[in-house]
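A short reminder: the numbers here are calculations on the coordinates, not readings from a lab. The structure displayed is predicted, hence computed values, not measured ones. For neighbour counting, all protein chains shown are included, and Cβ atoms are generated from backbone atoms with ideal geometry for every residue, glycine included.
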Amino acid sequence: MGESVEAVQQVDVVVVGLGVGGEEVGGRLAAAGLSVVGVEHNLVGGECPYWGCIPTKIMVRAGSALAEARRIPQLAGTSTVTPDWAPVAKRIRDEATDDWNDKVAVDRFTGKGGTFVRGRATIVGPGRVKVGEQVYAAGRGLVIATGTAAVIPPIDGLAGTPYWTNREAVEVTTLPASLLILGGGAIGCEFAQAFARFGVQVTIIEGSPRVLAAEEPESSAVAAEVLAADGVTVRLGVHAERVDHDGGFTVTLTDGSTVTGERLLIATGRSARLTDLGLETVGLDPQARFLGTDDRMRAADGIWAVGDVTGHGAFTHMAMYEADIAVRDILGQGGPGADYRALPRVTFLDPEIGAVGLTEKQARDAGLDVRVGHVPLSYTSRGFIHGPGNEGFIKVIADAGRGVLVGASTAGPSGGEMIGALAVAVHAEVPLSTLASQIWAYPTFHRGIGDALKALA
Ligand SMILES: Cc1cc2nc3c(=O)[nH]c(=O)nc-3n(C[C@H](O)[C@H](O)[C@H](O)COP(=O)(O)OP(=O)(O)OC[C@H]3O[C@@H](n4cnc5c(N)ncnc54)[C@H](O)[C@@H]3O)c2cc1C
């Protein structure tokens, strides 16, 4: 390596990236008594608390409060709603992110016994990580938890313009009059609805024929319906061909039409931060989309990877789940390996859209003997009682061959909560006959699960 002997510090484990997954692995290993160096070049805690889950859900919560107040005339009298972004921006800055300061998180990590190093880590050989001039030699292993960044598509004219990613969108203190969003996945849709409810004219541009294209068509239909009701324009099946910025943004689409907006938010997916990490020095491919891992989160001998970089689903709960497996493996504790059959995911629209396991199409493509049960939420007693804002459904996917559920989707005011019961069923492979005899409380939204199970053809 050419480094001087004095510059090498021996430790047990080096964790590269202290986002959700890295902080969990590093903190737990340090608390267990290992000498752990955790390296982070930005904010300890990662994307989720500063620019992801938490601030965006604060926005969603605020937008939902406005929407619920606007439903009062249909339910309970009159209401006058005057949106103001200032309390939202203040909550994000003061309560959620400490003005994007990670002191609390750094103290949390060092309080468990970890050694924190601020800087950009580069792997320089097996077990060796360099930060500035310092090299750390990890006796037990390296953990790679470098997460993902927003993909910036190579669209003509886009580079060099002041486009937003999720980071600028979360940090905004004054809302634009209009916003173009490239990408109609979960992130694009959540931002679209939240901003629209504060009066921003939002247009989503989505190349697929539907928003939330990775989920059930029924989920896409509900999302499209509620986005339209909130005044969001959704352009489907078209791509952005060219971006011009002259004060505002003009995007030329593949069908020749143009759309304009004061701001442009790029929400076209996430790519793993792997390219400049030095992976080639340990025999791994720096150009790979994700780091392949076995069921113990091992990417190579002495190297573990957790979180978004593994490509199993860019969710905080996935990073925590994989972190737990890596910690147990590094400590030699055994226990269950990674099993992704019952991965839950929630798009935090109003209504929330939950999903777990396989979609109907995935189950059919896997050659299973598929049965589907579906019930619109408005058909259930609770959906009827709820009235305005009751858009949604429950859909269950069964493998009749094995007599178990392999997937489900839920949409409704508690869609993200309802998926919990179905995630248990998919994860534990509860027999359909057992589910059929379950008592579901009346009149809850989740009682609709019983109706969907009855509807399994
Ligand atoms: C807008 C948005 C909304 C989201 N909402 C949700 C949600 O509601 N629910 C949910 O479950 N998930 C949500 N997510 C996803 C969630 O934020 C991620 O899945 C989670 O943060 C992944 O954790 P991680 O540890 O893998 O990576 P990250 O949190 O990205 O952390 C990786 C860290 O590594 C650091 N790093 C990278 N390279 C180096 C290097 N060479 N040296 C030192 N440090 C380095 C980075 O600075 C970063 O802090 C959302 C994401 C976005 C963008």
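Please give me, ordered by residue number, the trypsin sites (Lys or Arg not before Pro) of the range 165-267 that lie in loop per DSSP and have at most 10 other Cβ atoms within 10 Å.
Loop-located and lightly packed - none at all.
By the gyration tensor of its Cα atoms, with a ≥ b ≥ c the square roots of the eigenvalues, what is the shape of the chain: rounded for a/c under 1.5, prolate for a/b over b/c, or oblate?
Numbers: a/c = 1.84, a/b = 1.30, b/c = 1.42.
Here the chain falls in the oblate category.
How far is helix 20-31 tilted, in degrees, relative to the longest principal axis of the Cα atoms in the chain, given as a value from 0 to 90 rounded to the nearest 10?
So the helix axis and the longest Cα principal axis differ by about 50 degrees.
What's log10 of I(q)/I(0) for the range 344-454 at q = 0.18 Å⁻¹, Debye sum over Cα points only, no solvent?
Relative scattering, expressed as log10 I(q)/I(0), comes to -0.81.
With point charges of +1 on the Cβ of Lys and Arg and -1 on the Cβ of Asp and Glu, referenced to the Cα centre of the range 46-183, which listed residue (G119, P162, Y136) lies farthest in the positive direction of the dipole?
After comparing all options, I get Y136.
Tell me, what HN-Hα J-couplings in whole Hz come from the Karplus equation 6.51 cos²θ - 1.76 cosθ + 1.60 at θ = phi - 60° for each residue of the range 314-325, using x for Gly and Pro?
After applying 6.51 cos²θ - 1.76 cosθ + 1.60, I find 7, 9, 4, 5, 6, 4, 5, 4, 5, 4, 4, 5 Hz.
Could you size up the charge dipole of the range 166-268 around its Cα centre, putting +1 on the beta carbon of Lys and Arg and -1 on that of Asp and Glu, and report it in debye to the nearest 20? Let's see the in-between values first.
Working: 6 positive and 14 negative charges, 28 e Å.
Approximately 140 debye in magnitude.
How many lysine pairs are close in the chain, with Cα atoms under 19 Å apart and the two 8 or more places apart or on different chains?
Details: K57/K90; K90/K103; K103/K112; K361/K395; K395/K454.
The result is 5.
Between V151 and A436, 0.36 nm times their residue separation minus their Cα-Cα distance comes to what? Don't skip to the answer; put the middle values down first.
On the way: separation 285, 0.36 × 285 = 102.60 nm, distance 4.42 nm.
In short, 98.2 nm is gained.
Once the Cα atoms of the range 230-321 are picked out, what are the Rg and Dmax in Å?
In Å, with Rg to one decimal and Dmax whole: 19.3, 53.
Which stretch or stretches of the range 89-111 have amide N atoms under 20 Å from the point lying 7 Å from R70's Cα along the Cα→Cβ direction?
89
Across the range 171-176, in residue order, what do the Karplus-derived ³J(HN,Hα) couplings come to in whole Hz, using 6.51 cos²θ - 1.76 cosθ + 1.60 with θ = phi - 60° and x for Gly and Pro?
Values per residue, Gly and Pro as x: 7, 5, 10, 10, 7, x Hz.
State log₁₀ I(q)/I(0) for the range 166-268 at q = 0.11, 0.17 Å⁻¹ as given by the Debye formula over alpha-carbon point scatterers of equal weight, solvent excluded.
-0.29, -0.71
In nm, give the distance between the simple-model label positions of D99 and Q333, each being 7 Å from the Cα along the Cα-to-Cβ direction.
3.8 nm
Could you grab the relative contact order for the chain? Cα pairs under 8 Å, six or more apart, rounded to a whole percent. Before the final figure, lay out each step's value.
Details: 984 pairs, mean separation 65.1, N = 457.
Worked out over the chain, it gives 14 percent.
For a quick check: with amide H placed at 1.01 Å from N, whose amide H comes under 5 Å from I155's, ignoring anything fewer than 5 positions away on the same chain?
none
If you wrap a convex hull around the alpha carbons of the range 63-207, what volume per residue comes out, as a whole number of Å³?
Numbers: hull volume 30.5 nm³, N = 145.
Convex hull volume per residue, Cα atoms: 210 Å³.
Based on DSSP H runs of at least 4 residues, each adding -39500 (n - 2.57), what is the mean residue ellipticity at 222 nm of the chain after dividing by all its residues, to the nearest 500 deg cm²/dmol? Walk me through the numbers before you get to the answer.
Details: 15 runs with 137 residues, N = 457.
Result for the chain: -8500 deg cm²/dmol, rounded to the nearest 500.
With contacts defined as alpha carbon pairs under 8 Å and 6 or more residues apart, what's the relative contact order of the range 388-452 in percent? Please list the in-between numbers first.
On the way: 76 pairs, mean separation 19.4, N = 65.
The normalised contact order for the range 388-452 reaches 30 percent.
Quick one: what does P(r) look like for the range 304-409 with 10 Å bins over all Cα pairs, in whole %?
The distribution over the range 304-409 is 13, 31, 30, 20, 5, 0, given as percents.
Give me a comma-separated list of calculated 3J(HN,Hα) values for the range 306-311, in order, Karplus coefficients 6.51, -1.76, 1.60 applied at θ = phi - 60°, integers in Hz, x for any Gly or Pro.
Per-residue couplings from phi come out as 9, x, 3, 5, 7, x Hz.
Rounded to the nearest 20 debye, what is the charge dipole size of the chain about its Cα centre when +1 sits on each Lys and Arg Cβ and -1 on each Asp and Glu Cβ? It would help to have the intermediate numbers written out before the result.
Numbers: 38 positive and 52 negative charges, 163 e Å.
Result for the chain is approximately 780 debye, rounded to the nearest 20.
Where the centroid of each part is defined by its Cα atoms, how far is the range 368-441 from the range 81-113 in Å?
If you average the Cα positions of each part, the centres end up 36 Å apart.
As I understand it, the value is the acute angle between the Cα axis of helix 53-70 and the longest principal axis of the Cα atoms of the chain; what does it come to in degrees, rounded to 10?
Helix 53-70 sits at roughly 20 degrees to that axis.
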